[in-house]
1. Any residue that is touching a Leu at 6+ places or on another chain (Cβ under 8 Å) and within 19 Å of TYR192 (Cα to Cα) - is there at least one of those in the stretch 99-116?
2. Which members of the stretch 90-101 meet the condition of being more than 14 Å from the chain's Cα centre (by Cα) and crowded, with 17+ Cβ neighbours inside 10 Å?
3. With the structure loaded, tell me whether ARG185 is touching a Phe, Trp or Tyr at 6+ places or on another chain (Cβ under 9 Å) and of a type in the set (Lys, Arg) or whether it fails that test.
4. Mind checking which residues of the stretch 119-133 are over 23 Å from LYS201 (Cα atoms) and either surrounded by fewer than 16 Cβ atoms within 10 Å (Cβ to Cβ) or at pLDDT below 95 (or both)?
5. Tell me the residue from PHE83, PHE67 that is closer than 23 Å to LYS24 by Cα and surrounded by 17 or more Cβ atoms within 10 Å (Cβ to Cβ), please.
6. Scan the stretch 137-146 residue by residue and report those that are in a strand (DSSP E or B) and either aliphatic (A, V, I, L, M) or touching a residue at least 40 places away in the same chain (Cβ under 8 Å) (or both).
7. Please verify whether ASN104 is crowded, with 16+ Cβ neighbours inside 10 Å, of a type outside the set (Gly, Ala, Ser) and not in a strand (DSSP E or B), treating the condition exactly as stated.
Amino acid sequence: MRRVLFLGLALTALTACETEVDTKPAAEVKEIAAPVPEAAATPAAATMPVLPEKGIKVDAAASKIGFIGAKVTGTHEGGFTDFTGYAVIEGEELTETMFIVDMNSTFADAEKLTKHLKSDDFFAVQANPASTFTTTSITAGGEGGTHTVVGILDLRGQKKELTFPATITVAADMATFKSEFKMNRKLWGIQYPGKPDDLIKDDVAIVVDLSFPRS
């Protein structure tokens, strides 16, 4: 009985205490149609996808793909040090992007957490060494940014359609793509609840700041 009461108090604290994650706009997530299953075959070894030779390559050294997670006792920040990507620009509009993240480059603000994030409790990096995001549409307007971005996020081997606001600028020398939003980690199979006295919120904030040099 005491354990049930304690868990109830922890859940109350989790929902009552607002964090930086809560302030971000929520991304819309939709299921996508599953492909028709093929005949059973021997599973191939997990490999990194190859970025297509198109568009303007992201300047990874001047860019950031990060995240903020929250739990009862506070927040943790992290991100990825190894990623590639491109943007297609037509006229004065950025019309297409794709990114490949090496999930082995995951880091957090605590060494123990970094190791845990790579485990099967979270990103399951050994079986899923890469995460990709490919846009399906970028349209001007929408709340929270200059554009509304729709694309397919492949994370932990699961693909979902993701819609979120972004602020996009296109200048003669540089294009930029910036966005901050939250999404529910459990929709991609990341179910780990945290410790009974330190529960983790379902929503995780994603922070993206990308630069595409045009010269």
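1. yes
2. We begin by selecting, within the stretch 90-101, every residue more than 14 Å from the chain's Cα centre (by Cα); these are 90-97.
Within the stretch 90-101, LEU94, GLU96, THR97 qualify.
3. Details: touching a Phe, Trp or Tyr at 6+ places or on another chain (Cβ under 9 Å): yes; of a type in the set (Lys, Arg): yes.
Yes: the conditions hold for ARG185.
4. GLN126, ALA127, listed by residue number.
5. Values: PHE83 fails: closer than 23 Å to LYS24 by Cα.
None of the other options fit; the residue is PHE67.
6. Filtering the stretch 137-146 for residues in a strand (DSSP E or B) gives 137-140.
Of everything in the stretch 137-146, those that are in a strand (DSSP E or B) and either aliphatic (A, V, I, L, M) or touching a residue at least 40 places away in the same chain (Cβ under 8 Å) (or both) turn out to be ILE138, ALA140.
7. Numbers: crowded, with 16+ Cβ neighbours inside 10 Å: no; of a type outside the set (Gly, Ala, Ser): yes; not in a strand (DSSP E or B): yes.
When the stated conditions are applied, ASN104 does not pass them.
The values are calculated or read from the model by the stated rules, or taken from the named source; none is laboratory data. Remember, predicted model here, so these are calculated numbers, not experimental data. Glycine gets a Cβ as well: all are built from the backbone with ideal geometry, and neighbour counts include every protein chain shown.
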